[in-house]
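Heads up, the thing below is written out as structure tokens.
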Amino acid sequence: MKKILLLTLLIALTVGSAFSQADLQPAAIVNLTRSEPITVRQLRTEVDRLQAASNQTLTVAQRREVLDAMINERLVLQAAARDRIMVTDNEVNQQIQQLRTGMAQQLGRQPTDAEFAQVVRSQYNMDVQAFREQLQKQLIVQKYLMAKKGTPIESVRPPSEAEIREQYNLVKAQLVRPETVRFTMIMVPYGADAASRTAARQTADRLHREIGSNPSKFDEAVARSVAPNSGYQAGDAGYVPRNQEARSVVGQPLLDAAFSTRQGQVSNVVEGLQGFCIIKVTENHAQKNLELDDIFQLGTRITVRDYIGQAMYSEKQQAAVIQASEELVTELRSGRPFQVFENNLNWQ
């Protein structure tokens, strides 16, 4: 029995070692300025990350595309190191701070380290340290690209008025702003049980009796919502269009109330998806076919002309970046300073 157990253990160790050695085999070797292997394990890790993000299994041909992208990145990084193009920790920190600032704008407060780590994990399938390292590589690639091919990228000019008008004429049939309303809302949330629902309705009815149809008293009630144990929430609901998406977010009764209430008026108590609500409409906007000088996004100063111009400019810049990137990669691949081991790409 002991011999059988020992033999089984040796077989298990041998198989495990074989898998480990296979993972350490090179998928490719990049040698622009130094020999740098890309192991099967590194390739599999990147493939697994992409498969998890896309919820699809990559074919062998697609694995080769991933490997080509990894080769290109290492060629650029080696060339950048050769030409002494670097990115400092401070530059990486600035980029991360921009991401955290964007989160803060969405949350209304600074995100915690745990919240930031969760967003990085969910969006990039990486921990923060791996994300930081990848971000540094991307910044080096961008800096090297601009150093070598920046002139055509920087020479891109914004579209002319004639180009903007031509594009507008092509898409104006789709530039329709739906009927939209903006309102301030008082909401008394309720739970799943009947008692919670009854208590919330009683609080909402009491507030409505206090407010009546008086907009000033509504504003006073909104101000009191921040008091401890007020029992309700209040704030600006923003711009709500009359469409299917808005109905799924706020519910049909609340949507009906918002669009049947005139600007400045206070509604009756309405049941929303999460609580009983009272609203005061602050803006009404009819459906409109947008002209060039109309505001494209309510609440901003961005006109249709601005929006189209910025989109066309970004598209031109992106095309210039793609062309410059392709030229740079072609130059770095000249002479084939890398070797691919095709047989190591066919794992199951």
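No lab work stands behind these numbers, since they all come straight from the coordinates. This is a predicted model, so every value here is computed, not measured. Cβ: placed from backbone, ideal geometry, glycine included. Neighbour counts: every protein chain shown.
Among the residues making up region 255-287, a single one is under 31 Å from the mean Cα position of the chain (by Cα), free of Cβ contacts under 8 Å to residues at least 60 places away in the same chain and surrounded by 16 or more Cβ atoms within 10 Å (Cβ to Cβ): L255.
Restricting attention to region 109-127, the residues that are farther than 21 Å from A52 by Cβ and outside any helix (DSSP H, G or I) add up to 4. Just one of the listed residues (R109, R64, R121, R84) is more than 25 Å from the chain's Cα centre (by Cα), without any contact (Cβ under 8 Å) to a residue 12 or more places away in the chain and over 22 Å from V321 (Cβ atoms), namely R84. The number of residues in region 71-94 that are surrounded by fewer than 16 Cβ atoms within 10 Å (Cβ to Cβ) and either part of a helix (DSSP H, G or I) or basic (K, R) (or both) comes to 8.
All of (1) within 30 Å of E291 (Cα to Cα); (2) free of Cβ contacts under 8 Å to residues at least 24 places away in the same chain hold for Q138 with one exception: (1).
Checking G231, G235 one by one, the residue that is surrounded by 14 or more Cβ atoms within 10 Å (Cβ to Cβ) and small (G, A, S) is G231 and no other.
Of the helices (runs of 4 or more DSSP H) contained entirely in region 164-277, those carrying at least 3 residues that are farther than 30 Å from A311 by Cβ and aliphatic (A, V, I, L, M) fall at 194-211, 215-224, 252-260.
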